[in-house]
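Below: one structure, written as structure tokens.
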Amino acid sequence: MVPNIHVSSNIQIRAILSVAILAIVLLVTIQTAAGSAPPIQMETSTDIDEPMPGESVSINTTISNLENNNGRNVVVSYVYLRDADGLDAYRQAENVGSIAPGGSLSIPFSITFNDPGRKQVDLQITVSPQGEDELYTFQKPIYIDVTESDLRGDVRLTSTSVTGRNTITVEGDAANIGGTDVESVLVSIPETDAVSPRPPNGEYYVGGIETSEFGTFELTADVVSGAESVPVNITYITTGEGRDDERITKSQQIPISEAATSAQQAGQPQAAATESPPSGGGPPLALLGGVGILIVVGILGLVLWRRR
């Protein structure tokens, strides 16, 4: 009986196509896994909402790794604070460290503007999944309104520092950067979910401050684990000829230094990554070699089957 050569050829062709399709699926899967950008969240906060020209502004940046896989640490290679055109770097940090899944790290920057207006700086970071060479860049704009003095007393907290861990001490200067004297300056820490004033200095009376002068202060508080800043309320009375005295109350956030919180920071996962930069590069050679071996084994199997 003559074998059906046409049917045998069709079976061989289908088997070869099946092996090829399997190889393509594996290649696509490997490329996707090896070339995916890590889920990164960037957050920023400033200690002053509307700084004056020449006044230093502290910018605290927090980078979080939103990965759920325990084996996917993220290495932070570069952090830049650039101008709006992306040409000049005001500040930069290199080889910042590794962030575990669900963790975060904070990097403080400071910047000064010489003229008033709405300013934009860009926070730019370069990261890579640990153990991989592929680099990914994320960017986040920061907007700061620089205002001129309105020729009235204006108290800002400057040269601040935070020491301690669960119980912290906040020290610094209450500076009058306005155009008139101020009286009865009182700084205090309010009760919040994350911060509680603590004796002996839950509040501190500074007194009167002449224009372009300052008075020192010291505050104490209890903070919860992971707190990134402590609010300080400032109350004072502005004075000056030709105007009525006015009582001013405002709040200023003081960043808690990384040294004070390194033992507390656990990092909490947050919403979504800021930007999905284009991925590049190819899959590792070892994985490609595995796919090639699979194809060769499939073809050899077909040849042996034909010789039966």
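The values are calculated or read from the model by the stated rules, or taken from the named source; none is laboratory data. The structure presented is a predicted model; accordingly, all values stated were derived computationally and were not measured. Cβ sites come from the backbone with ideal geometry, for glycine too, and all protein chains shown count toward neighbours.
Checking each residue in the range 190-219 for being among the aliphatic types (A, V, I, L, M), at pLDDT 95 or above and closer than 16 Å to Gly164 by Cα picks out only Leu219.
Residues checked against (1) in contact (Cβ under 8 Å) with a residue 40 or more places away in the chain; (2) surrounded by fewer than 16 Cβ atoms within 10 Å (Cβ to Cβ):
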{"position": "Ala37", "(1), (2)": "yes, no"}
{"position": "Ile48", "(1), (2)": "yes, no"}
{"position": "Gly54", "(1), (2)": "yes, yes"}
{"position": "Ser58", "(1), (2)": "yes, no"}
{"position": "Glu67", "(1), (2)": "no, no"}
{"position": "Arg72", "(1), (2)": "yes, no"}
{"position": "Asp83", "(1), (2)": "no, yes"}
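Return yes when Gly153 is of a type outside the set (Ser, Thr, Tyr), part of a loop (DSSP other than H, G, I, E, B) and buried (at least 18 other Cβ atoms within 10 Å of the Cβ) and no when it is not. Yes, satisfied.
Looking only at the range 133-142, decide whether some residue is at pLDDT 90 or above, of a type in the set (Lys, Arg) and not assigned by TED's automatic domain parsing to the domain that holds Ser56. Within the range 133-142, none of the residues are at pLDDT 90 or above, of a type in the set (Lys, Arg) and not assigned by TED's automatic domain parsing to the domain that holds Ser56. Of all residues in the range 71-102, those satisfying the criterion of being modelled with pLDDT of 75 or more and assigned to a loop (DSSP other than H, G, I, E, B) are Arg72, Asn73, Ala100, Pro101, Gly102. Filtered by the rule that a residue be of a type in the set (S, T, N, Q) and in contact with a helix residue (DSSP H, G or I) (Cβ under 9 Å, 6 or more places away or on another chain), the range 162-178 gives a lone residue, Thr163.
Ile237 versus (1) surrounded by 14 or more Cβ atoms within 10 Å (Cβ to Cβ); (2) over 26 Å from the mean Cα position of the chain (by Cα); (3) outside any strand (DSSP E or B): which is the lone unmet condition? Every condition holds for Ile237 apart from (3).
If you go through the range 223-232 one residue at a time, do you hit one that is free of Cβ contacts under 8 Å to residues at least 60 places away in the same chain and surrounded by 17 or more Cβ atoms within 10 Å (Cβ to Cβ)? Yes, some residue in the range 223-232 is free of Cβ contacts under 8 Å to residues at least 60 places away in the same chain and surrounded by 17 or more Cβ atoms within 10 Å (Cβ to Cβ). Residues in the range 101-123 that are small (Gly, Ala, Ser) and buried (at least 17 other Cβ atoms within 10 Å of the Cβ) were compared, and the one that is farthest from the chain's Cα centre (by Cα) is Gly103. Residues that are out of contact with any Pro (no Cβ under 9 Å at 6 or more places or on another chain) and assigned to a loop (DSSP other than H, G, I, E, B) within the range 170-193 comprise Ile177, Gly178, Gly179, Thr180, Asp181, Asp193, listed in sequence order.
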